[in-house]
Amino acid sequence: MRQVKFGVAGAGVGANFALRAMKLLEEKEGIVKAVAVCDVVEDLARKTAEEFGVKYFLNYRDLLVKERVDAVFISTPHYLHFPMALEALEAGVNVLVDKPMAINVREADEMIRRARRAGVKLGVNLQGRFDPSVLKIKEAVDTGRLGRLFYGEATVKWFRTREYYDKSPWRGRWATEGGGALINQAIHTLDQLVWIMGPVEYLWAQCSTVFHNIEVEDLAVATLRFKNGALGLVQASTALYPGFPAGLEFYGTNGTAILEGEVIKLLDIKGEKPYSEKEAKVGLETWARPEAAPPLNHAASIRDFAQAILDDREPKVSGEEGRKSIEIINAIYQSSKNSEAVRLPLT
């Protein structure tokens, strides 16, 4: 089986996850091989390259052209996702971009269009969709075991220090981060909510900045009406000390599913024995220490993308799938700004 050679753009926390996952896949399956990393900070690029045994570049174009990679994993500040993805797509390189794929739907739509035109794959690393606990609940919903869903809830009550924003000037700004707690911290949980509940018809939201000295929100609340008639609630914050596990809740006519920190707290379906995961997963302190989580879901996401290249199929989290959470987040910001309900799709 041919091996997919990856370059990684960026050398921060997200890139470290990707490189650890690729190392795991190379050792266990051989489907993926990381060959290079790129970052404008030379010390960081060199240190990362030495840690993972890959080449390093300071120029992104050199990574794309000189190394002749099959795919690039983009894990840079949000505002760079769009131009870096376009450059790779124009070079005929497959792109797996970390969340969020872009900072607005206009950019997301252009990325999707360019990928189609270039005939290469565009995927979004929303690795929470590959978590075994999330998949177990998704299967229960899709097979109708929970009955008709009528309520879903996503909560991300995390805490980030003021220093978290101060040390990275691109954070906390509309032009560079594209938003705050919603587009950065809560996007995974929001994506899982909509993936399981289905499309949103309209929503109403309020956002506020209550703790940090930033342009964007560190607290947001949104109520959703899904196209299937169900109601939903989204809560997102980076201001709730000391930080708590992310949560997902699904209620149907035949049962309830509750996840807390990617652990199934309860899966109670009529006629079945109630199920829960008693043993906590290792490293689920993402509400306080995102680097602590293991890269297993990243590995599953990267494996699927690599296999999509080899099989010439769409990745499970395609550009179109990654766009969905961006559209909802953009709609939440619009609703909060104008103090009115917003219908989807955005026009």
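Coordinate-derived values only; no laboratory data. In this text, all values refer to a predicted model and were calculated from it rather than measured experimentally. Cβ sites come from the backbone with ideal geometry, for glycine too, and all protein chains shown count toward neighbours.
What order do you get for Asp191, Asp109 when you list them from fewest to most C-beta neighbours inside 10 Å?
On the way: Asp191 25, Asp109 16.
Listed from fewest to most nearby Cβ atoms, that is Asp109, Asp191.
What net charge is computed for the residues neighbouring Val200, neighbours being all others with C-beta under 15 Å from the C-beta of Val200, Lys and Arg scored +1, Asp and Glu -1?
Values: positive: Arg225, Lys227, Arg323, Lys324, Arg343; negative: Glu153, Asp191, Glu201, Glu321, Glu327.
Its environment carries a net charge of 0.
What is the Cα radius of gyration of segment 35-116 over 2.2 N^0.38 Å, N being its residue count?
Numbers: Rg = 12.8 Å, N = 82, 2.2 N^0.38 = 11.7 Å.
Dividing the Cα radius of gyration by 2.2 N^0.38 Å gives 1.09.
Which three extents, in whole angstrom, do the alpha-carbon atoms of segment 194-244 cover along their principal axes, largest first?
Principal-axis extents of segment 194-244 (Cα, largest first): 38, 22, 14 Å.
What are the semi-axes of the equivalent ellipsoid of segment 129-207, taken as the square roots of 5 times the eigenvalues of the Cα gyration tensor, listed largest first and rounded to whole Å?
Values: eigenvalues 191, 44, 20 Å².
Semi-axes from the Cα gyration tensor: 31, 15, 10 Å.
Report, in deg cm²/dmol and to the nearest 500, the calculated mean residue ellipticity at 222 nm for the chain, where each DSSP H run with n ≥ 4 adds -39500 (n - 2.57) and the sum is divided by the residue count. Write out the running numbers ahead of the final one.
Working: 11 runs with 127 residues, N = 347.
Value at 222 nm, helices only, nearest 500: -11000 deg cm²/dmol.
Against the globular-protein guess of 2.2 N^0.38 Å, express the Cα radius of gyration of the chain as a ratio, rounded to two decimals. Don't skip to the end; give the middle numbers.
Details: Rg = 19.7 Å, N = 347, 2.2 N^0.38 = 20.3 Å.
This ratio for the chain stands at 0.97.
Taking segment 299-340, how much of its Cα-Cα pair set, in percent, is spaced more than 16 angstrom apart?
Working: 454 of 861 pairs.
For segment 299-340, the share of Cα pairs beyond 16 Å comes to 53 percent.
What's the percent breakdown of Cα-Cα distances in segment 7-163 across 10 Å bins, shortest bin first?
All Cα pairs considered, the percentages come to 10, 33, 31, 20, 6, 1.
With an 8 Å Cα cut-off and a minimum separation of 6 or more residues, compute the relative contact order for the chain in percent.
Working: 768 pairs, mean separation 66.6, N = 347.
After rounding, I find 19 percent.
Per residue of segment 177-183, what does 6.51 cos²θ - 1.76 cosθ + 1.60 with θ = phi - 60° give for ³J(HN,Hα)? Whole Hz please, x for Gly and Pro, Karplus curve as stated.
9, x, x, x, 4, 5, 7
Counting pairs of alpha carbon atoms under 8 Å apart in space and at least six apart in sequence, what relative contact order in percent does segment 194-347 give?
Details: 229 pairs, mean separation 35.2, N = 154.
Over segment 194-347, the number comes to 23 percent.
Name the residue, out of Asn59, Asn16, Asn104, whose mean-square fluctuation peaks in a Gaussian network model built on the chain with Cα pairs under 10 Å.
Largest GNM mean-square fluctuation: Asn59.
For the chain, set up a Gaussian network in which alpha carbons nearer than 10 Å are linked by springs, and say which option among Gly14, Gly119, Gly180 fluctuates the most.
Gly119
So which of Lys23/Lys66; Lys167/Lys337; Lys47/Lys138; Lys157/Lys324 end up more than 30 Å apart by C-alpha? Can you show the working numbers first?
On the way: Lys23/Lys66 22 Å; Lys167/Lys337 28 Å; Lys47/Lys138 40 Å; Lys157/Lys324 22 Å.
Pairs exceeding the cut-off: Lys47/Lys138.
Could you tell me which trypsin sites (Lys or Arg not before Pro) in segment 166-269 are loop residues by DSSP with no more than 16 other beta carbons within 10 angstrom of their beta carbon? Don't skip to the answer; put the middle values down first.
Values: sites: Lys167, Arg171, Arg173, Arg225, Lys227, Lys265; in loops: Lys167, Arg171, Arg173, Lys227.
Answer in residue order: Lys167, Lys227.
Once phi is turned into θ = phi - 60°, what whole-Hz ³J(HN,Hα) does the Karplus curve with 6.51, -1.76 and 1.60 give for every residue of segment 85-96, x standing for Gly and Pro?
Calculated HN-Hα couplings, in order: 5, 4, 4, 5, 4, 5, 8, x, 9, 5, 10, 10 Hz.
In a GNM of the chain with a 10 Å cut-off on Cα contacts, which of Glu327, Glu272, Glu90 has the highest mean-square fluctuation?
Result: Glu272 has the largest fluctuation of those listed.
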